[in-house]
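Asks: This is the structure, below, for whatever I ask next.
The values are calculated or read from the model by the stated rules, or taken from the named source; none is laboratory data. Note that this is a predicted model, so its numbers are computed, not measured. In this analysis, Cβ positions are derived from the backbone assuming ideal geometry, glycine residues included, and neighbour counts consider all displayed protein chains.
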Amino acid sequence: MRLSFILFVLTFHRLPVSADHWPEWRGPRGDGISTATDLPTHWSRTSGVHWKIDLPEPGNSTPVVWEDRIFLTQPRSPGERSLMCCDRTTGKLLWEYRVPWTAPESTHGTNPLCSSSPAVDGRHVVVWFGSAGLHCCDPDGNLIWKTDTGRQQHIWGYGTSPVIRGDYCFLNFGPGENAAVTAFHMRDGSVAWKQDEPLRRDGTAEAPFQNADYSGSWSTPLVATLGGREQLIVSLPFVVRSFDPYNGNELWHCEGTNALCYTSPVPFQDNIVAMGGYNGMAIAVPATGTGNVTAQRLWRLPKTPQRIGSAVYSDGHFYIHNSPGIAQCIDAASGMTVWQQRLNGPADNATNWSSLLLANGLCYSINQGGDCFVFRASPEFELIAVNSLEEVSNSSVVPAAGRLLIRTHKSLWSIDGTR
């Protein structure tokens with residue numbers, strides 16, 4: 001077991017950060033930051049397009065990239081969920097793995113099924129299809145294993161994505177009555193450890209959060225080395241928890257978030273910030289303590305803008321594009337807003353669910369109207385470009401070997417644009 005642990009830790013530090021890899025929803029480190037320095041900043045629906053392929057149905061998931069392949073989840077009616085693999089250079093569909101599932105599963109009209117992004121490590125592609133389970137394929141689409149994760153049930157559906165580190169796949173299953181943080185063995189999909197997260201109704205006296213329909217986590221876990229130790233950190237209703245990723249033991253927890261958690265934790269130095277949704281709370285806390293570290297919080301904001309997408313950190317500041325279409329720069333030391341700016345484009349719908357991509361000092365996001373904004377990660381607001389694709393999108397922008405991938409409800413776009 002000791003040898004396995006050593007190999008596990010070494011794998012964390014070998015995780016590739018090549019520009020040819022964007023292996024999970026928020027990239028190789030789970031923080032939304034790319035090392036790419038040559039991404040385009042200007043394009044339109046008719047210029048700067050490398051290729052575009054039509055998608056069969058609307059979907060909210062974000063593509064991931066491993067070398068010359070793109071992996072994307074896709075709902076298919078009637079009664080199928082699929083994992084698509086496309087060639088990064090041409091957009092050609094290489095293969096598609098389909099899973100039939102006709103049992104009822106509730107979701108919201110704005111959240112089509114298959115909203116979870118895949119995770120890939122070069123040998124495996126793992127995808128969570130909600131009640132249809134966790135599935136692992138090889139890079140050619142052959143099934144390696146599948147695991148029944150139980151029935152997923154919530155009026156707003158699901159959206160958290162799996163995370164692969166070494167010999168483990170981590171999943172924040174939920175939201176709903178059977179919510180749990182689980183680690184699966186990559187060799188066969190069996191459960192390595194599981195921490196149930198029972199529904200809490202004692203976190204606030206404010207309506208409507210006493211109702212189970214208005215509580216839950218869609219937050220994808222963060223796996224990071226903070227305070228000299230490997231940690232799996234996840235935002236859950238009313239609390240942020242850190243687990244030992246090897247055995248599932250809780251390292252620390254911090255109270256102070258609210259009942260609805262959409263964003264993923266963001267690391268900065270040896271700390272993390274967790275931001276609640278539904279105009280809820282945001283907290284910053286050191287990731288170096290043990291047990292209940294609520295008293296060690298760096299700051300707590302009792303009310304914030306509604307936010308679905310996650311933030312990025314750069315040089316002492318957080319940047320986020322909130323749901324109402326307002327971008328913010330937040331001082332990491334105090335939590336105070338440095339600037340906030342409404343991002344306007346030609347589309348009528350400025351609502352934003354996109355998580356930020358940070359590359360070469362620039363932030364990228366795309367709103368529901370299909371307007372993609374590029375602005376500088378700086379304490380002084382500077383808008384670089386507004387690029388409209390004129391198609392609905394709830395996904396995040398992905399770097400791909402000097403280009404950008406953007407998933408809309410109609411299409412998958414590869415953008416080479418201009419710099």
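Asks: When you check ARG407 against the structure, is it closer than 19 Å to SER34 by Cβ and among the basic types (Lys, Arg), yes or no? Don't jump to the end; show me each part of the working.
Replies: Details: closer than 19 Å to SER34 by Cβ: yes; among the basic types (Lys, Arg): yes.
Answer is yes for this residue.
Asks: If we only count strands (runs of 3 or more DSSP E) wholly inside the range 321-419, which ones have 2 or more residues that are free of Cβ contacts under 8 Å to residues at least 24 places away in the same chain?
Replies: Details: elements: 326-331, 337-342, 357-359, 362-366, 371-376, 383-388, 398-400, 403-407, 411-415.
The strands (runs of 3 or more DSSP E) meeting that bar are 326-331, 337-342.
Asks: Let me ask something else. Any residue that is part of a loop (DSSP other than H, G, I, E, B), among the polar types (S, T, N, Q) and out of contact with any helix residue (DSSP H, G or I) (no Cβ under 6 Å at 6 or more places or on another chain) - is there at least one of those in the range 131-142? Before the answer, list the steps.
Replies: Applying the first criterion (part of a loop (DSSP other than H, G, I, E, B)) to the range 131-142 yields 133, 138-142.
Those still in the list that are among the polar types (S, T, N, Q) too: 142.
Filter once more, so that each one left must be out of contact with any helix residue (DSSP H, G or I) (no Cβ under 6 Å at 6 or more places or on another chain): 142.
Yes, there is a match, as at least one residue in the range 131-142 is part of a loop (DSSP other than H, G, I, E, B), among the polar types (S, T, N, Q) and out of contact with any helix residue (DSSP H, G or I) (no Cβ under 6 Å at 6 or more places or on another chain).
Asks: Tell me whether the range 321-329 contains one or more residues that are closer than 26 Å to ILE70 by Cβ and buried (at least 17 other Cβ atoms within 10 Å of the Cβ). Explain how you work it out, then say what you get.
Replies: At the first step, the residues of the range 321-329 found to be closer than 26 Å to ILE70 by Cβ are 321.
In the following step, the residues that additionally are buried (at least 17 other Cβ atoms within 10 Å of the Cβ) were identified as 321.
Yes, there is a match, as at least one residue in the range 321-329 is closer than 26 Å to ILE70 by Cβ and buried (at least 17 other Cβ atoms within 10 Å of the Cβ).
Asks: OK, next. Looking at SER310, SER264 in this structure, which one is buried (at least 21 other Cβ atoms within 10 Å of the Cβ), under 14 Å from SER242 (Cβ atoms), in contact with a Ser or Thr (Cβ under 8 Å, 6 or more places away or on another chain) and not acidic (Asp, Glu)? First the steps, then the outcome.
Replies: Working: SER310 fails: under 14 Å from SER242 (Cβ atoms).
Result: SER264 is the single residue among SER310, SER264 that is buried (at least 21 other Cβ atoms within 10 Å of the Cβ), under 14 Å from SER242 (Cβ atoms), in contact with a Ser or Thr (Cβ under 8 Å, 6 or more places away or on another chain) and not acidic (Asp, Glu).
Asks: Just checking, which of ALA183, ALA192, ALA119, ALA132 is among the hydrophobic types (A, V, I, L, M, F, W, C), closer than 22 Å to SER355 by Cβ and in contact (Cβ under 8 Å) with a residue 24 or more places away in the chain?
Replies: ALA119
Asks: All but one of (1) at pLDDT 95 or above; (2) over 24 Å from ILE70 (Cα atoms); (3) crowded, with 21+ Cβ neighbours inside 10 Å hold for LEU389; state the number of the condition that does not hold.
Replies: (2)
Asks: Determine, yes or no, whether ASP196 is of a type in the set (Asp, Glu) and modelled with pLDDT of 90 or more.
Replies: Details: of a type in the set (Asp, Glu): yes; modelled with pLDDT of 90 or more: yes.
So ASP196 passes the test.
Asks: Kindly provide the set of residues from the range 270-287 that are outside any strand (DSSP E or B) and either touching a helix residue (DSSP H, G or I) at 6+ places or on another chain (Cβ under 6 Å) or under 15 Å from VAL234 (Cβ atoms) (or both), ordered by number. Step through it out loud before you land on a result.
Replies: From the range 270-287, those outside any strand (DSSP E or B) are 270, 276-281, 287; that's our starting set.
Answer for the range 270-287, where residues must be outside any strand (DSSP E or B) and either touching a helix residue (DSSP H, G or I) at 6+ places or on another chain (Cβ under 6 Å) or under 15 Å from VAL234 (Cβ atoms) (or both): GLY276, GLY277, ALA287.
Asks: Mind checking which residues of the range 136-149 are surrounded by fewer than 22 Cβ atoms within 10 Å (Cβ to Cβ) and either more than 28 Å from ALA259 (Cα to Cα) or modelled with pLDDT under 95 (or both)?
Replies: ASP138, PRO139, ASP140, GLY141, ASN142, LEU143, ILE144, TRP145, LYS146, THR147
Asks: Next question, about the same structure. Please verify whether VAL398 is in contact with a Cys (Cβ under 8 Å, 6 or more places away or on another chain) and of a type outside the set (S, T, N, Q), treating the condition exactly as stated. Steps first, answer last, please.
Replies: Numbers: in contact with a Cys (Cβ under 8 Å, 6 or more places away or on another chain): no; of a type outside the set (S, T, N, Q): yes.
Considered against the rule, which asks whether it is in contact with a Cys (Cβ under 8 Å, 6 or more places away or on another chain) and of a type outside the set (S, T, N, Q), VAL398 comes out as no.
Asks: Name the residue that is farthest from CYS261 (Cα to Cα), counting only residues in the range 155-169 that are surrounded by fewer than 23 Cβ atoms within 10 Å (Cβ to Cβ) and of a type in the set (A, V, I, L, M, F, W, C).
Replies: Top of the filtered list is ILE155.
Asks: Taking the range 333-361, which residues are buried (at least 22 other Cβ atoms within 10 Å of the Cβ) and among the hydrophobic types (A, V, I, L, M, F, W, C)?
Replies: Here is the first cut: in the range 333-361, the residues buried (at least 22 other Cβ atoms within 10 Å of the Cβ) are 352-357, 359.
Across the range 333-361, the qualifying residues are TRP353, LEU356, LEU357, ALA359.
Asks: Let me ask something else about it. Among the candidates ARG376, ARG419, single out the residue that is touching a Ser or Thr at 6+ places or on another chain (Cβ under 9 Å) and among the charged types (D, E, K, R).
Replies: Details: ARG376 fails: touching a Ser or Thr at 6+ places or on another chain (Cβ under 9 Å).
Result of the check over ARG376, ARG419: ARG419.
Asks: Taking the range 160-178 as the search range and keeping residues that are on the phi < 0 side of the Ramachandran plot and at pLDDT below 95, which one is nearest to the chain's Cα centre (by Cα)?
Replies: To start, the set of residues in the range 160-178 that are on the phi < 0 side of the Ramachandran plot comprises 160-165, 167-173, 175, 177-178.
In the following step, the residues that additionally are at pLDDT below 95 were identified as 175, 177-178.
Working: PRO175: 15, GLU177: 22, ASN178: 21 Å.
Among them, the one singled out is PRO175.
Asks: Do you know which of the residues in the range 62-111 that are touching a helix residue (DSSP H, G or I) at 6+ places or on another chain (Cβ under 7 Å) and aliphatic (A, V, I, L, M) is surrounded by the most Cβ atoms within 10 Å (Cβ to Cβ)? Quick ask: steps written out before the conclusion?
Replies: Within the range 62-111, the first condition is being touching a helix residue (DSSP H, G or I) at 6+ places or on another chain (Cβ under 7 Å), and the residues that meet it are 81, 99, 101, 103, 105.
Subsequent filtering for residues that are aliphatic (A, V, I, L, M) retains 99, 103.
Working: VAL99: 18, ALA103: 8.
If we take residues in the range 62-111 being touching a helix residue (DSSP H, G or I) at 6+ places or on another chain (Cβ under 7 Å) and aliphatic (A, V, I, L, M), then VAL99 is surrounded by the most Cβ atoms within 10 Å (Cβ to Cβ).
Asks: With the checklist (1) closer than 21 Å to GLY248 by Cβ; (2) more than 20 Å from the chain's Cα centre (by Cα); (3) buried (at least 19 other Cβ atoms within 10 Å of the Cβ); (4) modelled with pLDDT under 90 in hand, flag the one item PHE209 doesn't pass.
Replies: (1)
Asks: Which ones in the range 249-269 are among the hydrophobic types (A, V, I, L, M, F, W, C) and not in a loop (DSSP other than H, G, I, E, B)? Walk me through how you get there before you give the answer.
Replies: First pass over the range 249-269, keeping only residues among the hydrophobic types (A, V, I, L, M, F, W, C): 251-252, 254, 259-261, 266, 268.
Passing the criteria: LEU251, TRP252, CYS254, LEU260, CYS261, VAL266, PHE268.
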